[in-house]
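Notes follow the structure.
Each reported figure results from applying straightforward, stated rules to the coordinates on display, with no laboratory input. Because the structure is predicted, anything quoted here is derived from the model rather than measured. Cβ placement follows ideal geometry from the backbone for every residue including glycine, while neighbour counts extend to all protein chains displayed.
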Amino acid sequence: MSQDFYEVLGVSRDADEDEVKQAYRKKAAEYHPDVSDDPNAEEKFKQVKKAKEVLTDEDARQAYDQMGHDRFEQAEKRGFDASQNGGQGNPFGGMGGGQGSPFDDIFEQFFGGGGQGQRGPRPGRDLRTALTIDLEDAYFGKQQQMTLTRPERCSDCDGEGHPPEADAETCPACNGQGQQTHVQQTPLGRVQQTQTCQRCGGDGTLYSETCDTCDGDGVVNEETTLNVDIPEGIRDGQTLRMNGEGAPGEPGARDGDLLIEITIDAHPDFERDGDDLLYRMPVSFPQAVFGDEVEVETLDGTVSMDVPKGTQSGETFRLKGKGMPRLQRRGHGDLFVRVQVVTPEDLNEEQREALEAFAEAGGEDIDVEEGFFEKIRNSF
């Protein structure tokens, strides 16, 4: 018995498509036969791949959740029977099945239709794009415009695919129902399968003309500009969803969503680790030796920080609450300041004499004149 697909990927049963794909990438990298030392890597890699294929396909996932793992696999195995499947292999037809596949029959049995046999107007598909922002944009949040080319409902025919004045007649193939019903003998027995009428495309009506602008598709590709709300604290690789900004659905159905994957450019001064930031702070040799109060750059202005005397190069100090905003939570992360002691390259005569005196005074229990160290400090 193979493992439940959700357990294979390590995701919850309500995980969305992005979470499933992210989990798949991690697992695939872990078990890829070319890099993994696991003796069962090849089999685990196949399980991970299969789990991802099923859980990222809306129809297949619906069937999987309804039937359960064992019954789903049994139905799939029966679909591989060459006498019932024409020797064509995977009955899923590579993402949700196809017309006349055993997978469609599974949906017909459990949901009253599947694949192309779904009832009602079809919703628009989700679209994906990418947007690159600066670290400052991720810190403060902003509304940013982006321009993209996407499918839009044809304005000349209002997405109908035909001119308003076109003559209409009832589709003779489906008698205006928009669907055709067939009875098939399948691996699960004799079932009734309902599919979208191929002649009228599910409209139930045939028209004498098609729209010249969209060639009857009801959709055209157009350039559009959107205002994208970037939330404070968003991280590199996260995805924003804009509801209803995807591809248009069929008349009467909802439009798809637009999924925007965020990339954050590297910053010249700060490195990000989750909600925390790292900043490398150069200090002079006297500042490290004698201590000092320095001004530290943050993404929200400068703050003061004490450098204790005797600070070593590479020491790190934490400024609480000076990191990135926590997305959908209160507060900020921390800013870690790593001190780097800068060795002077060019010295004037006074500085050279002061350092030579300091070197000569090295050792323990050195008796030096009053103001000796103050002289060294002031010479830099």
Assigned charges on the beta-carbon of Lys, Arg, Asp, Glu; region 123-254 dipole about Cα centre (debye) = 900 debye
Asp14-Asp346 pseudo-label distance in nm [points 7 Å out on the Cα-to-Cβ vector] | 6.6 nm
Furthest towards positive pole of dipole, Cys157, Ala168, Gln195, structure part region 153-216, Cβ charges | Gln195
Give Lys26/Lys49; Lys21/Lys49; Lys142/Lys320; Lys26/Lys322 a once-over and call out the pairs whose C-alpha atoms are over 20 Å from each other.
-> Lys142/Lys320; Lys26/Lys322
Between Arg125 and residues 5 or more places away or on another chain, which pairs have amide H atoms under 5 Å apart, with H built 1.01 Å from N, and which residues are they?
-> Ala247, Gly256
Give, in nm to one decimal, the length gained when the segment between Arg199 and Glu169 is fully stretched (0.36 nm per residue of separation minus the Cα-Cα distance).
-> 9.6 nm
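Report the calculated FRET efficiency for Ala253 and Val303 (r = Cβ-Cβ distance, R0 = 51 Å), to the nearest 0.05.
On the way: r = 53 Å, r/R0 = 1.05.
According to the calculation, E is roughly 0.45.
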Phi-based couplings in Hz for region 310-325 (Karplus 6.51, -1.76, 1.60; Gly and Pro marked x) | x, 5, 9, 4, x, 5, 10, 10, 9, 10, 5, x, 9, x, 7, x
If you plug each phi of region 209-223 into the Karplus form 6.51 cos²θ - 1.76 cosθ + 1.60 with θ = phi - 60°, what whole-Hz ³J(HN,Hα) values come out, in order, with x for Gly and Pro?
-> 9, 10, 5, 5, 6, 10, 6, x, 7, x, 9, 10, 8, 9, 7
Counting sequence-distant residues (5 or more places) and residues on other chains, those with an amide H built under 5 Å from that of Gly233 are Tyr139, Gly141
Output the Kirkwood hydrodynamic radius of region 268-343, Cα pairs only, in Å rounded to one decimal.
-> 12.8 Å
Name the long-range amide H neighbours of Thr298: under 5 Å, sequence gap of 5 or more, or other chain; modelled H, no Pro or chain starts.
-> Val303
Looking at region 172-247, which GluC sites (Glu not before Pro) are in a loop (DSSP not H, G, I, E or B) and have at most 16 other Cβ atoms within 10 Å?
-> Glu209, Glu232
